[in-house]
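Written out below as structure tokens is the structure these notes cover.
Read the figures in this text as sums done on the coordinates, not as results from a lab. Small disclaimer: the values here were computed from a predicted structure and weren't measured. Note that each Cβ is placed from the backbone with ideal geometry, even for glycine, and that neighbours are counted across all protein chains shown.
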Amino acid sequence: MDATTAARAPAGSPLLSVRDLAVVFRTRGGEVPAVREVSFDLARGEILGLVGESGSGKSTVLTALTRMLARNARVTAGTVRFGDADLLALREPAMRRLRGDRIGLIPQRPMTSLSPATTVGRQLRWHLDGLDGHRLKELLGGVGLDALLDRLDGYPFEFSGGQLQRLLIAVAALGKQPDLLLADEPTTTLDATVQAQVLRLLLDLRDRVGSAMVFVTHDLAVVSQVSDRVGVMYAGRLVEVAPVGDLFATPRHPYTRALMEAIPGRHARGTPLRTIPGTVTGANRLPGCPFAPRCPAVADVCRTESPAPRELGTSLVRCHRAGEDL
Ligand SMILES: Nc1ncnc2c1ncn2[C@@H]1O[C@H](COP(=O)(O)OP(=O)(O)OP(=O)(O)O)[C@@H](O)[C@H]1O
């Protein structure tokens, strides 16, 4: 078994296969690596949660997969296979067709993917050919927006961020029913009851249509509810990938452990919330393990050699010391 096996989706050939993806951003100070050596597979109908602190590269991975990176970003290494297609090599018209009907993206900031000068109703019809009144009602109802049916001649600025987010979910998930849905913090702006409704709807889409999903979130409670497997990112690298139950029960990477320790409610009432000392700043440029400066189990080798992925139980973990009695 090679070292990427645990990053593989269970059984059958994967729908999506990402290998050694690397992305850099061009900045005034030079090129900054944002994503490095990211590898994972996704089976049909599987949901992979992607977690990690702000700036760890989650959105960059999703936008690289759909080839919608910012203008100052470029993919410097890696392959992305979606079925038979090599997504990084496809010509733009073919990629656009895939984005049109087989790969859906729910972006983190809804405003950036809507035209400010066109009514919301018109934009819905652009995205969903042959959208009739009955289907429209069904879509809006699915995301709890029935009340907006009479307001679709309004412009995006007349709607709240949460309403626009739900409209985009309705289009990307329910309207297109894609084979692959990439969702970037889709429920963060929603209140608890609407969030629960949207999560149920996404799970129902997976059950009915078999859509696979990569679901980015900061919220570990959400990730535990929706994911089959979870990938943990730190400073541009996927440091651990494991089935959701195993990741929460037996986190292997010291960063994953620290994340779990920081979950409110895991400790007795009155105990101060645990935080992770230090910051991630500059970690993506380090020669060794990016977590070394903050790691309670750091050894000399961690500062000089980047750990290769290793299998431990059902996890794939990038840590020199994982598996030791730390
Ligand atoms: N347009 C940009 N120009 C330069 N650097 C960028 C740009 N966008 C992102 N980055 C950098 O790339 C890295 C990864 O950012 P990314 O947005 O992918 O992280 P993230 O994990 O999705 O964060 P968040 O949870 O806050 O959305 C960060 O260091 C970020 O500063």
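When you count the other C-beta atoms within 10 angstrom of each residue and take the mean per peptide, 19-28, 316-325 line up highest first as 316-325, 19-28.
If you wrap the tightest convex hull around every Cα atom of the stretch 70-181 and split its volume per residue, you get 123 Å³. Counting every pair of alpha carbons in the chain, the share spaced more than 27 Å apart comes to 46 percent. Placing unit charges on the Cβ atoms only, positive for Lys and Arg and negative for Asp and Glu, gives the chain a dipole magnitude near 660 debye about its Cα centre. Across the stretch 296-311, computed HN-Hα scalar couplings (Karplus, 6.51 cos²θ - 1.76 cosθ + 1.60, θ = phi - 60°) run x, 10, 4, 10, 4, 4, 5, 7, 10, 10, 6, x, 7, x, 10, 8 Hz from first to last residue, x flagging Gly and Pro. Taking Lys and Arg as +1 and Asp and Glu as -1, the other residues whose beta-carbon sits under 15 Å from that of VAL24 total +4. Under 5 Å between amide hydrogens, built in the peptide plane, is the criterion, and for MET233 it picks out VAL51, GLY52, VAL239 among residues at least 5 positions away or on other chains.
Treating the Cα atoms of the stretch 175-241 as identical point scatterers in vacuum, please give the log10 of the normalised Debye intensity I(q)/I(0) at q = 0.15, 0.16, 0.20 Å⁻¹, two decimals. Values returned for q = 0.15, 0.16, 0.20 Å⁻¹ are -0.50, -0.57, -0.87. Between the amide H of LEU181 and those of GLY104, ALA212, MET213, VAL214, distances stay under 5 Å, these residues lying 5 or more places away or on another chain, with hydrogens modeled in the peptide plane. Positive end of the dipole of the chain (Cβ unit charges, origin at the Cα centre): among VAL241, CYS289, VAL32, the Cα lying farthest that way belongs to VAL32.
The angle between the Cα long axis of helix 133-142 and the main principal axis of the chain comes to about 30°, on a 0 to 90 degree scale. Determine the shape class of the stretch 1-118: with a ≥ b ≥ c the square roots of the Cα gyration tensor eigenvalues, call it rounded for a/c under 1.5, and otherwise prolate if a/b is greater than b/c, oblate otherwise. In terms of gyration-tensor shape, oblate. Note on the stretch 141-268: Kirkwood hydrodynamic radius from all Cα pairs is 16.3 Å, rounded to one decimal.
How much net charge surrounds VAL280 when only other residues with a Cβ under 15 Å from its Cβ are counted (Lys, Arg +1; Asp, Glu -1)?
Values: positive: ARG36, LYS58, ARG237, ARG285, ARG294; negative: GLU53.
That works out to +4.
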